[in-house]
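Report on one structure; see the data block that follows.
The values are calculated or read from the model by the stated rules, or taken from the named source; none is laboratory data. Bear in mind that the values here come from a model prediction, so they are computed numbers and not experimental data. All Cβ positions, glycine included, derive from the backbone under ideal geometry; neighbour counts span all protein chains shown. All accessible areas refer to the heavy atoms of the entire protein, side chains included, with ligands and DNA or RNA removed. Shrake-Rupley method; radii C 1.70, N 1.55, O 1.52, S 1.80 Å.
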Amino acid sequence: MSGAPARTLLLWCPDWPVLAAEIVDGVPATDPVAVLHANRVVACSERARAEGVRRGLRRREAQGRCPQLTVVDHDPARDARAFEPVVAAVEEVVAGVEVIRPGACALAARGPSRYLGGEEAAAERIVEHVAQTCAVESQVGIADGVFAAGLAARDGRLVPPGGTPEFLAGLPVEALGRPTLTDLLRRLGVRTLGDFAALPAGDVLARFGFDGALAHRLAAGRDHRPLAVRQPPADLTVTADHDEPIDRVDAAAFAARTLAEQLHERLAAHGLACTRLGIEAVTAHGQELHRVWRHDGLLTAAAIADRVRWQLDGWLSGSNGRGGARPARPTAGIIRLRLVPDGVLAQAGLQPGLWGETGEERERAHRALSRVQGILGPEAVVTAVLGGGRSPADQVRLVPWGDERLPARPGPPPLPTAEPPPPAAAPERAVSTRSRAAASAPAPPWPGRIPPPAPAVVLPTPLPAAVHDAAGEPVVVSARLVVSAAPARLTVGTGRPAEIAGWVGPWPVDERWWAPAEARRRARFQVCLADGAALLLAVEGGQWLVEAIYD
Amino acid sequence: MAGRMVVGSAALAELVRPASAPDPAGGHRVLPVRPELTGLLPNRGLRRGSTIAVGAGQPRRSGATSLILALLAEASRAGSWCAVVGVPTFGAGAAAEAGIALDRLALVPNPGPEWPTVVAALIDGVDVVVTAVPTTVSASVATRLAARARQRGSVLVPYGRWDGADVTLQVVRGVWEGLGPGRGRLRRREVTVSARGRGAAARPKEIKVWLPGDELTRVIPRSTGLGAATRPAAVPGAGRLRVVAPAGPSASAARSRRGPLTVVGSA
């Protein structure tokens, strides 16, 4: 690319992390506020700055200078979320906005300045619109190139066309935002961007490397990077309004089918596929019903229609009363139906197998399980994920079918490496085991976990039990883990006592003692009864519990 | 060169067959089971469309749940989808140890009063459906579900009282090994399983299997000193463990012994 850098207008909101904290969390930005990351001040409010708080200070120092300081944690996601309305407001005035970072966005200045009658008028219009729409104070800088415009925005300056090199020449090298390079330049006696830009480009490349050469170009005002303009997200939602409220399932199914086809067409037109679908219905009495369906494959028009039909079936037939997750039967018919594609991804050529078999069984199983989810609710069908943990119940997390399979606690896969070598028929199993082991390289060891074999029956709520010794006295475990006598008889609940043939323990665990609400101090026993059954017992605070059965 | 070609075609002869030929021994119609359990089942596997009940038994014997896991393991490993209905106490850790692929295993812990609908819906799409039988199931519902499984080619494994199953497996006895008075830990269990049924399975059979075997409990942590120091409860009595499979030339011998189950005899 040749020629001068593009004329750029940059909108900058000062102290954006502080403002974002006010917008999202309601921390008043007029008070002294500091946003901290890793114990260092990242941003602070005007009043905090007046009290002497600066970027890079430690928390203690900042609080020492300003005792009334409100401290907020740095959260880049919050900043980005809060900035979204500002970008939308700018887009209402001009088109083609690039978000540089939360708190700053850039756009090509040429179009707006011609349309709105001059650069100054355009800047005023944008700042005013942002202030009116979002109640956010902002400043605008216009210069040649994004870098220079960012610096101009700090002073709210409009650098005249061609004046950018002179504007930059007076600024200190710290403006480059590269601390190590700046430090080196200062020690070499290069103090301003003008001094830096005066160095021969070849020598800068040889001495400071590629990044140094880029910084040199910026300092000279030759910022050729074009704006990466944000594409406003396409609105994929489809809505159907019905004059006559729908209160029969077959009518709803018919409505669902047309709507599903409409959505599918719209998605296909954008080359997208839908993995999560929100179905919303509004009744004539203003009740809103919403549920999200997940699907880890591709939702076809028929699949979308099925889901809508199942859900409306569930609502309208009103077979509720079980499973608290289900909404009550609506009091009126449905007048508006909306399909919101929640998770969309580019349709990356999902093709059926050459012989039509690939994934056919998987499709079939998914259809059946979604059907059951339609009958009982999405949480009724679960899949187990193994993770770390000490007790058999801790190691397993039950995830609703279709959700992402993430373990509750990080940890090694409970299967030790001595798993029998997988047969040739299932090579993907071996791969998954290996990749899991590699991914969880720094996995915690969970000392004190129950050794294999794992119990086949894990009780969700442990059963109270009583254990007596041969003399009929209750067996107790002292704080120093001394068992008062050998257990001889086990009584579960109100059942008959059973003879204990073999036992081992206590295996102590003292978990989460730093969090009183979740703390658990138990001693576990494996017990074998005379009739051949084996149990996992635990004693906590003098109470014996049956945790699991080796069935 | 020609010799190698001959060897190659001989190896392929078992795998290749003309499209017109019938499936050898049922082919895909039978889901595989572990070699130790093949003797119990009429087709040496889980025949699609059949109902294989696992009885709870009176008085209750330890081992029925492990028997179900063992039945599913080989089919799940070979790529079949399984579902377990009405078992809120399902031990997923034991399932994974038995060799079941958990990402192809769906659980419906509480089907509630819609149990027949749920089981019927699962039969439509899942290869093996294990279900705990509610006490209030009428004979007609049971027959309908079995017929549906036959029609759709799924294997129905009811757990509990079920009349009219093709095969009913029953745990006769389960004896744990490895636990003494105040020492040791559970290592393996010898389970005696009996099978009786209709047709080809009419003659009662009884075998003994290890459920679970000791292939997991034999493992010694690699760094014994550190392991004993950091995991006192994980390996209780590590000093008393007998090292079975040391590294070295005998490792291959250990691997050949490391079957998931071991037949200890058959009646």
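What FRET efficiency would be calculated for the residue pair A:Phe254, A:Arg114, taking the C-beta separation as r and a Förster radius of 41 Å, to the nearest 0.05?
Computed FRET efficiency for A:Phe254 and A:Arg114: 0.20.
Under 1.5 on a/c is rounded, so check that first for the range B:54-185, then, if it is not, pick prolate when a/b is larger than b/c and oblate when it is not; a ≥ b ≥ c are the square roots of the alpha carbon gyration tensor eigenvalues.
Note, shape of the range B:54-185 comes out prolate.
Extension gain A:Leu184-A:Val24, at 0.36 nm per residue separation less the Cα-Cα distance, in nm?
Extra length available between A:Leu184 and A:Val24 comes to 53.6 nm.
Starting from the Cα-Cα distance between A:Thr237 and A:Asp211, subtract it from 0.36 nm times their residue separation and give me the gain in nm to one decimal.
5.0 nm
To the nearest 10 degrees, how steeply does helix A:427-439 sit against the main Cα axis of chain A, on a 0 to 90 scale?
With both axes taken from Cα atoms, the answer is about 60 degrees.
With each label point set 7 Å from Cα along the Cα-Cβ vector, what nm distance links A:Arg362 and A:Asp510?
Here the modelled spin labels are 4.8 nm apart.
Could you sort the peptides A:332-340, B:189-197 by per-residue average Cβ neighbour count (10 Å cutoff), highest mean leading?
B:189-197, A:332-340
So if each residue of separation counts as 0.36 nm, and I subtract the Cα-Cα distance between A:Ala485 and A:Glu174, what length gain in nm does that give?
This chain segment gains 104.5 nm when fully extended.
How many Å² of accessible surface get buried when A and B come together, counting both sides, probe radius 1.4 Å, rounded to the nearest 100?
Roughly 5300 Å².
Give, ordered by residue number, each residue of the range A:492-538 whose 1.4 Å probe accessible area is reduced by a minimum of 30 Å² on adding the remaining protein chains to the chain alone.
SASA drop of 30 Å² or more in the range A:492-538: A:Trp503, A:Val504, A:Trp507, A:Gln526, A:Cys528, A:Asp531, A:Gly532.
Using a 7 Å offset from the Cα along the Cα-to-Cβ direction at both A:Leu227 and B:Gln151, what is the distance between the two label points in nm, to one decimal?
If labels sit at A:Leu227 and B:Gln151, their model points lie 6.4 nm apart.
Just to verify a number: FRET efficiency for A:Glu379 and A:Gln543, C-beta to C-beta distance, R0 = 35 Å, to 0.05?
FRET efficiency, A:Glu379 to A:Gln543: 0.70.
Between the range A:241-271 and the range A:134-180, what is the C-alpha centre distance in whole Å?
Each part reduced to its Cα centre gives a spacing of 52 Å.
Please calculate how many Å² of accessible area chain A carries per residue, with a 1.4 Å probe and no DNA, RNA or ligand atoms counted.
Counting only protein heavy atoms, the per-residue value for chain A is 51 Å².
Share of the range A:100-190's accessible area from carbon and sulfur, percent, 1.4 Å?
52
Just to confirm the number: angle between the C-alpha axis of helix A:360-376 and the first principal axis of chain A, 0 to 90 degrees, nearest 10?
Relative to chain A, helix A:360-376 is tipped by roughly 80 degrees.
What list of ³J(HN,Hα) couplings, whole Hz, do you get for the range A:541-551 from phi and the Karplus terms 6.51, -1.76, 1.60, once you set θ to phi - 60° and write x for glycine and proline?
Ordered by residue, 3J(HN,Hα) equals x, x, 9, 8, 9, 8, 8, 7, 10, 7, 8 Hz.
Using a Förster radius of 56 Å, what is the FRET efficiency between A:Ala50 and A:Val292 based on their Cβ-Cβ separation? Nearest 0.05, please.
With a Förster radius of 56 Å, E is 0.75.
Sorted by packing (mean other beta-carbon atoms within 10 Å per residue), highest first, where do B:122-133, A:176-187, A:374-385, A:128-139 land?
Output ranking for B:122-133, A:176-187, A:374-385, A:128-139: B:122-133, A:374-385, A:128-139, A:176-187.
Express the relative contact order of the range B:34-113 as a whole percentage, based on alpha carbon pairs under 8 Å and six or more residues apart in sequence.
Result for the range B:34-113 is 28 percent.
Indicate the gyration tensor shape class of the range B:41-115 (rounded, prolate or oblate), computed on the Cα atoms with a ≥ b ≥ c the square roots of the eigenvalues: a/c under 1.5 is rounded; otherwise a/b larger than b/c is prolate and the rest oblate.
The shape class here is rounded.
Counting chymotrypsin sites (Phe, Trp or Tyr not before Pro) as exposed when in a DSSP loop with at most 16 other beta carbons within 10 Å, what is the longest stretch of chain A free of them?
Result for the longest clean stretch: A:1-354.
Once the dipole of the range B:71-206 is set up with Lys and Arg at +1 and Asp and Glu at -1 on Cβ about the Cα centre, which of B:Leu72, B:Val133, B:Ser194 lies farthest towards its positive end?
Comparing the listed Cα positions along the dipole, B:Ser194 ranks first.
Once amide H atoms are built 1.01 Å from N in the peptide plane, which residues 5 or more positions from A:Glu547, or in another chain, come under 5 Å H to H?
A:Leu536, A:Leu537, A:Ala538
For A:Arg480, B:Arg77, write out the residues from largest to smallest accessible area, computed with a 1.4 angstrom probe and no ligands counted.
Output order, biggest surface exposure first: A:Arg480, B:Arg77.
What is the angle, in °, between the Cα long axis of helix A:301-317 and the longest principal axis of the Cα atoms in chain A? Nearest 10 is fine, range 0 to 90.
Helix A:301-317 sits at roughly 60 degrees to that axis.
Do the sum for chain A: with -39,500 (n - 2.57) for every DSSP H run of n ≥ 4, divided by all residues, what is the mean residue ellipticity at 222 nm, to the nearest 500 deg cm²/dmol?
Result for chain A, helices only: -10500 deg cm²/dmol.
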